[in-house]
1. Among the residues of the range 114-130, is there at least one that is closer than 22 Å to Ala151 by Cβ, surrounded by 13 or more Cβ atoms within 10 Å (Cβ to Cβ) and in contact with a strand residue (DSSP E or B) (Cβ under 8 Å, 6 or more places away or on another chain)?
2. Could you pull out the residue among Leu7, Leu18, Leu49 that is part of a strand (DSSP E or B) and either touching a residue at least 12 places away in the same chain (Cβ under 8 Å) or more than 19 Å from Gly102 (Cβ to Cβ) (or both)?
3. Please enumerate the residues belonging to the range 21-42 that are at pLDDT below 90 and under 16 Å from Ser93 (Cβ atoms).
4. Restricting the search to the range 66-78, which residues are more than 16 Å from Lys140 (Cβ to Cβ), under 12 Å from the mean Cα position of the chain (by Cα) and not aliphatic (A, V, I, L, M)?
5. Hey, can you tell me all the residues within the range 147-157 that are in contact with a helix residue (DSSP H, G or I) (Cβ under 9 Å, 6 or more places away or on another chain) and surrounded by fewer than 20 Cβ atoms within 10 Å (Cβ to Cβ)?
6. Just a yes or no: is a residue in the range 174-182 touching a strand residue (DSSP E or B) at 6+ places or on another chain (Cβ under 9 Å), surrounded by 12 or more Cβ atoms within 10 Å (Cβ to Cβ) and either small (Gly, Ala, Ser) or modelled with pLDDT under 65 (or both)?
7. How many residues are basic (Lys, Arg) and either free of Cβ contacts under 8 Å to residues at least 24 places away in the same chain or surrounded by 17 or more Cβ atoms within 10 Å (Cβ to Cβ) (or both) if we restrict to the range 66-88?
Amino acid sequence: MKCIEELVSKEIIAIIPLYIDIEGNSTKVITNRQDEEYIYKSIKTFITLLAKYFMIDLNSSRQYYGRIIGSTNIVPLPFDKDNIFVPFKVRKSISKNDGSFGYFNIGFIKDIVEKNSKVFISLEKGYCIEVLQGAETARKNLRNAYIVKQAYYKRNGVTIMEEQGVYGELNKPATKGDIAALRNELLDIKINLLKSTHSSV
């Protein structure tokens, strides 16, 4: 297997789960040097190895940042200030052990594009990868990743300059889809609060 340090030094753009005949569940790692490395391990195993390299406790990280963005499942992973990854669903899982989410370095994401009723993540170096999520859901995931980035910087004492990545994305005007999604989230919170109130009576 490729040395994790070598892959990190090439600047990882995206980590994609895939199935390779004979090898089974594997991982494609796209780097900034326009290399595509194939790792014959599941994406879950590869992410675990990456976390060990950066000396990150994945469970603690997901719990901490999950509370910040109000999510327990799709939580961005900040390994260091240059390696903050946002998960997007890139394939349908056949069994429960299949990884269906790929992880994308937010520093290399150019845009989220809708074309012919499909949604794509446009990346640096000309990569464009289809995701199996609606555009609004994908944009929400990306916004959450920028919130996690801001929280990571604050927690680790990294000075945040007025960079387009963090502030540009967070300060964009809300779309009708954003407002509708927010309304639905507020309704869910209200319903859950009412349920908990009734159950405690």
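1. Among the residues of the range 114-130, not one is closer than 22 Å to Ala151 by Cβ, surrounded by 13 or more Cβ atoms within 10 Å (Cβ to Cβ) and in contact with a strand residue (DSSP E or B) (Cβ under 8 Å, 6 or more places away or on another chain), which makes the answer no.
2. Details: Leu7 fails: part of a strand (DSSP E or B); Leu49 fails: part of a strand (DSSP E or B).
Testing whether each residue is part of a strand (DSSP E or B) and either touching a residue at least 12 places away in the same chain (Cβ under 8 Å) or more than 19 Å from Gly102 (Cβ to Cβ) (or both) leaves just Leu18.
3. Correct list: Gly24, Asn25.
4. Scanning the range 66-78 gives a single hit, Pro78.
5. Going through the range 147-157, the residues in contact with a helix residue (DSSP H, G or I) (Cβ under 9 Å, 6 or more places away or on another chain) turn out to be 147-153, 155.
Across the range 147-157, the qualifying residues are Ile147, Gln150, Ala151, Tyr153, Arg155.
6. First pass over the range 174-182, keeping only residues touching a strand residue (DSSP E or B) at 6+ places or on another chain (Cβ under 9 Å): none.
No.
7. 1
The values are calculated or read from the model by the stated rules, or taken from the named source; none is laboratory data. Here the structure is a predicted model, which means the values were calculated and not measured. In this analysis, Cβ positions are derived from the backbone assuming ideal geometry, glycine residues included, and neighbour counts consider all displayed protein chains.
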